[in-house]
Protein chains: 2
Amino acid sequence: MPKNLTLRRARADDLSAIINMLADDALGASREVVADLVHGDYVEAFAAIDTDPNQYLAVAEDGEGIVGCLQLSFIPGLSRRGMWRGQIESVRIHSRARGEGYGQVLFEWAIEQCRRKGCGLVQLTTDKSRPDALRFYERLGFVPSYEGMKLGL
Amino acid sequence: MPKNLTLRRARADDLSAIINMLADDALGASREVVADLVHGDYVEAFAAIDTDPNQYLAVAEDGEGIVGCLQLSFIPGLSRRGMWRGQIESVRIHSRARGEGYGQVLFEWAIEQCRRKGCGLVQLTTDKSRPDALRFYERLGFVPSYEGMKLGL
């Protein structure tokens, strides 16, 4: 069980650390722009997330810095008698901290945030090319009962 | 190709028609409350959707009334260089109007809304017990490259 892990809302000055984590990944490497100066597209996206009360970009920090991130989206809906959903996207654990149980702590915390917000379920999609991630989510109780479909524009 | 189909943002006085469509479905029948007076949970959920600029509950109407609905959620994110996602949930076509191409018109319209909002992709999940829905989405260009996972709270 990791010690001294702090979970909190991300701030603008965490952006560089977060983008580095997003890029440090087989799928993310070709999708992100890593530079000394944070690209304006990320700054703009961060502002959109940060000013939306139904978005929560979270980071996990230990004594050495940021070790993980994820984004929670709280989505109101009519289905299932007006149930709110919590959705989790963009989960990353820093390469120096993998295999130490940080992911589980981050997820248990995220699920608890969804419960506090009054959500009736938590949902996420995971790339079928990441079997380890699928098993991790199944251990947490997630059930792969849906197909996750994407259409690029 | 259906004629005289109007697509527009849902209003509070459409709620009863929408809930009837959500319930008129193998999976939805046990999940929804259908009554002459719309249950307060739906009224509250509608207000949460209607006041959120990143939610768009849409209805399709023909000369006889409401024939379809879906909910669009626009989700800001850092991944993929600060890309916005459009997400589609709670899609229903009225039983009297199935097989007439209304679903395709509704989806093409929804995808166009995502494009106008500047989204880089459109995503949805579909229950694995609905193979017809999966084929419908594949014909529209959606790729089932992700597992869609849910955890009930």
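The values are calculated or read from the model by the stated rules, or taken from the named source; none is laboratory data. These numbers come from a predicted model, not from an experiment. Cβ placement follows ideal geometry from the backbone for every residue including glycine, while neighbour counts extend to all protein chains displayed. The area values use the complete protein model at the heavy-atom level, side chains included, leaving out ligands, DNA and RNA. Shrake-Rupley method; radii C 1.70, N 1.55, O 1.52, S 1.80 Å.
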- What are the nm distances, shortest first, from B:Arg98 to its equivalents in the other copies, labels at 7 Å along Cα→Cβ? 4.5
- Between the stretch B:76-112 and the stretch A:15-47, what's the alpha-carbon centroid distance in Å? 28
- Pairwise FRET efficiency - B:Arg130 versus B:Glu61, Cβ, R0 = 30 Å, nearest 0.05: 0.75
- Query: Nearest 10 degrees, 0 to 90: what angle lies between the long axis of helix A:40-50 and the longest principal axis of chain A (Cα atoms)?
  - Reply: 40
- Under 14 Å from the Cβ of B:Lys150, count the other residues' Cβ atoms, weight Lys and Arg +1, Asp and Glu -1, and hand me the total. -1
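Counting alpha carbon pairs within less than 8 Å and at least 6 residues apart, what relative contact order, in whole percent, applies to chain B?
Details: 191 pairs, mean separation 30.1, N = 153.
Relative CO of chain B lands at 20 percent.
Please give the calculated 222 nm ellipticity per residue for chain A, where each DSSP H segment of at least 4 residues contributes -39500 (n - 2.57) and the sum is spread over every residue; nearest 500 deg cm²/dmol? Mind showing how you got there, number by number?
Numbers: 5 runs with 49 residues, N = 153.
Rounded to the nearest 500, it is -9500 deg cm²/dmol.
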- Query: Which value, in square angstrom to the nearest 100, describes the accessible area buried between chains A and B on both sides, using a 1.4 angstrom probe?
  - Reply: 5700
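Cβ under 14 Å from B:Tyr42's Cβ, B:Tyr42 left aside: what net charge do those residues give with Lys, Arg +1 and Asp, Glu -1? Present the calculation step by step, with values, prior to reporting the outcome.
Numbers: positive: A:Arg80, A:Arg81, B:Arg11, B:Arg31; negative: B:Asp13, B:Asp14, B:Glu32, B:Asp36, B:Asp41, B:Glu44, B:Asp50.
For residues surrounding B:Tyr42, the net value is -3.
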- With a sphere of radius 11 Å drawn around the Cβ of A:Ala10, what net charge do the other residues whose Cβ falls strictly inside it have (Lys, Arg +1; Asp, Glu -1)? -1
- Item | Spacing of the two label points (7 Å from each Cα toward its C-beta) at A:Val34 and A:Glu108, in nm | 3.1
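Given the pairs A:Lys117/B:Lys128; A:Lys128/A:Lys150; A:Lys128/B:Lys117; A:Lys117/B:Lys117; A:Lys117/A:Lys150, which are separated by over 20 angstrom at their Cα positions?
Numbers: A:Lys117/B:Lys128 28 Å; A:Lys128/A:Lys150 12 Å; A:Lys128/B:Lys117 28 Å; A:Lys117/B:Lys117 27 Å; A:Lys117/A:Lys150 27 Å.
Beyond 20 Å between Cα atoms: A:Lys117/B:Lys128; A:Lys128/B:Lys117; A:Lys117/B:Lys117; A:Lys117/A:Lys150.
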- Task: Provide an ascending nm list, one decimal, of label-point separations from B:Gly118 to the equivalent residue in each further copy; define each label point as 7 Å from Cα along Cα→Cβ.
- Result: 3.1
- Task: Give the percent of DSSP beta bridges with both residues in the stretch B:1-142 that are antiparallel, rounded to the nearest 5.
- Result: 85
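If you place +1 on the Cβ of every Lys and Arg, -1 on the Cβ of every Asp and Glu, and leave all else neutral, what size is the dipole of the stretch B:1-112 about its Cα centre, to the nearest 20 Debye?
Values: 11 positive and 17 negative charges, 114 e Å.
Using only the charged Cβ atoms, the result is roughly 540 debye.
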- Note on the structure: Measuring from the longest principal axis of the C-alpha atoms of chain A, the long axis of helix A:102-117 (C-alpha) lies at a number of degrees, nearest 10, equal to 50
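With a 1.4 Å probe and all protein chains in place, put A:Arg81, B:Arg80 in order of accessible area, largest first.
On the way: A:Arg81 105, B:Arg80 65 Å².
Largest accessible area first, the list is A:Arg81, B:Arg80.
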- With one decimal in nm and the nearest listed first, the spacings from A:Gly63 to its own position in the other copies, using label points 7 Å along Cα-to-Cβ, are 7.7
- Message: For a test of the definition: using alpha carbon positions, the gyration tensor, and the 1.5 limit on a/c, classify chain A as rounded, prolate or oblate.
- Response: rounded
